[in-house]
Amino acid sequence: SSSGRRDARPAAITPVAAVLPAGGSGERLGGATPKQFCALQGRPLVSYTVRAMERISWISSIIVVVSPENVETMKSIIEKYGHKRVTLVKGGITRHRSIFNGLKVFAENEFSNPLLQKPEVVIIHDAVRPFVEEDILLKVVMAAKEHGAAGAIRPLVSTVIASGADGCLDHSLERARYRASEMPQAFLFDIIYGAYQQCSDYDLDYGTECLHLALKYCKTNAKLVEGPADLWKVTYKRDLYAAESIIKDNLSQQVCVITDVKEAVAQVGFVLHESLKSQIEVETISIFLSRNDSHLENIFSGQCYNFVCVNDKKCAIQETQQLVDMLEKSNIPLLYPVVLISVQLPISENTSFSIGMEELTRIKKFAREVKKKNILVYALLIQYK
């Protein structure tokens with residue numbers, strides 16, 4: 001998980017930039033929409049990848065390279081989801097030409113005026129690999145700083161074979177000796193930019209491997225870093241379904257139960273914790289809901305997207321609004337939908353309470369407004385005798 005490494009910063013590297021090629025046509029996916037713009041849980045795939053980079057404080061610039069016909073689409077995505085530190089660049093006719101254009105914003109006035117600050121290390125990562133975590137990014141950046149180039153790899157799943165001119169098996173490769181090249185990759189900027197400057201038209205038009213360019217043109221042997229299993233690329237339609245499944249799974253792994261400090265209310269939180277803990281990871285905290293709480297801010301800066309707030313006040317919308325404000329500041333809803341369930345229990349007083357139509361209308365209106373911010377608010381009033 002990246003949350004544990006949130007403050008990690010590559011020593012003496014200022015700044016690190018990321019280039020995200022997002023110019024693919026999505027031919028293998030099928031359908032009219034390029035895969036990087038296909039929606040997962042209502043949000044374009046490329047937005048998840050950009051957000052994964054944005055969450056990392058030591059990445060100072062994020063360059064998104066798109067085909068000219070998709071520039072306006074990407075602009076609207078950046079605006080809608082509030083992406084920061086993003087520079088949009090028009091891509092070339094091939095992957096390598098697009099990446100080269102992305103690197104030029106640091107070196108050629110034609111592509112960026114004024115020039116962006118040149119990074120010491122640049123990360124190259126596919127826009128259609130949304131599940132990249134800080135840990136693997138840090139590993140490839142540090143390896144690139146030491147070796148000049150580095151890339152994530154994974155074991156081969158299938159055996160690679162070669163066919164002869166007659167269409168029959170010629171030979172197969174020993175699978176244990178080979179690895180699949182994945183993303184992210186990282187390079188000292190001067191090495192990868194120098195490689196692209198020397199690159200032949202043939203390599204620019206038909207090549208796909210950046211590590212190979214660094215080796216061929218700059219004699220830089222890349223350090224290979226074993227990557228996690230979730231670095232795979234969305235290529236086919238089935239991959240979209242798998243990616244959506246991972247997102248849904250991520251959203252349902254943890255819940256935070258927040259209660260007032262009153263003993264009776266805190267006891268309800270404890271009972272809720274005990275009943276849920278066998279099914280889901282639960283964290284329960286008791287705080288003064290009327291105050292800003294540093295513990296709660298830490299929770300909001302983590303990777304929890306489900307919150308249950310238990311209180312015994314007749315009008316709980318004020319506390320709910322406060323929690324919504326804190327969630328917005330944390331930027332969590334920019335990445336995934338957040339669920340906030342406000343539970344009202346009249347347990348501290350002998351008299352029960354009910355919600356009138358005016359209050360109900362106010363709660364519904366509030367829920368509709370915050371839904372636009374990717375926060376789903378639900379209110380439960382539980383009466384008992």
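Ranking request for peptides 264-273, 189-198, 46-55: highest mean number of other beta-carbon atoms within 10 Å first, then the rest in descending order. Don't skip to the end; give the middle numbers.
Details: 264-273: 16.6, 189-198: 19.1, 46-55: 22.7.
Highest mean packing first, the order is 46-55, 189-198, 264-273.
Can you tell me which aspartates and glutamates have their Cα less than 16 Å from the Cα of Lys84? Leave out same-chain residues fewer than eight positions away.
Within the straight-line limit of under 16 Å, Lys84 reaches these aspartates and glutamates: Glu54, Glu328.
Just the projected area, averaged over all directions, of the convex hull on the alpha carbon atoms of segment 141-293: how many nm²?
16.6 nm²
Taking every Cα atom in segment 16-235, find the radius of gyration and the maximum pairwise distance Dmax, and write them in Å.
In order Rg, Dmax, the Cα atoms of segment 16-235 give 17.5, 56 Å.
Give me the percent relative contact order of segment 204-283, please, defined on Cα pairs under 8 angstrom at least 6 residues apart.
Computed value for segment 204-283: 21 percent relative contact order.
Under 25 Å Cα-Cα from Lys219, which lysines qualify once same-chain neighbours fewer than 8 residues away are excluded?
Straight-line reach from Lys219, under 25 Å: Lys104, Lys118, Lys139, Lys145.
Any idea what the alpha-carbon Rg over 2.2 N^0.38 Å comes to for segment 65-107?
Expressed relative to 2.2 N^0.38 Å, the Cα Rg reads 1.18.
Count the net charge of all other residues whose Cβ sits under 12 Å from the Cβ of Thr220, scoring Lys and Arg as +1 and Asp and Glu as -1.
That sum, taken over residues with Cβ under 12 Å, equals +1.
Shape call for segment 33-145 from the C-alpha gyration tensor, a ≥ b ≥ c root eigenvalues: rounded (a/c under 1.5), prolate (a/b greater than b/c) or oblate? Provide the component values of the computation, followed by the final result.
Numbers: a/c = 1.57, a/b = 1.09, b/c = 1.45.
It comes out oblate by the Cα gyration axes.
Provide the packing ranking of 119-125, 223-229, i.e. peptides ordered by the mean count of other C-beta atoms within 10 Å per residue, highest first.
The densest-packed peptide leads the list: 119-125, 223-229.
For Cys168, what accessible surface area do you get with a 1.4 Å probe? Give it in Å², rounded to 10.
Estimated to the nearest 10 Å², Cys168 gives 70 Å².
If contacts are Cα pairs under 8 angstrom and at least 6 residues apart, what is the relative contact order of segment 16-235 in percent?
Reported relative contact order: 22 percent.
The values are calculated or read from the model by the stated rules, or taken from the named source; none is laboratory data. In this text, all values refer to a predicted model and were calculated from it rather than measured experimentally. Glycine also receives a Cβ, built like all others from the backbone with ideal geometry; neighbour counts cover every protein chain displayed. The protein model used for the area step is the full one, side chains on, heavy atoms only, and it has no ligands, DNA or RNA in it. Shrake-Rupley method; radii C 1.70, N 1.55, O 1.52, S 1.80 Å.
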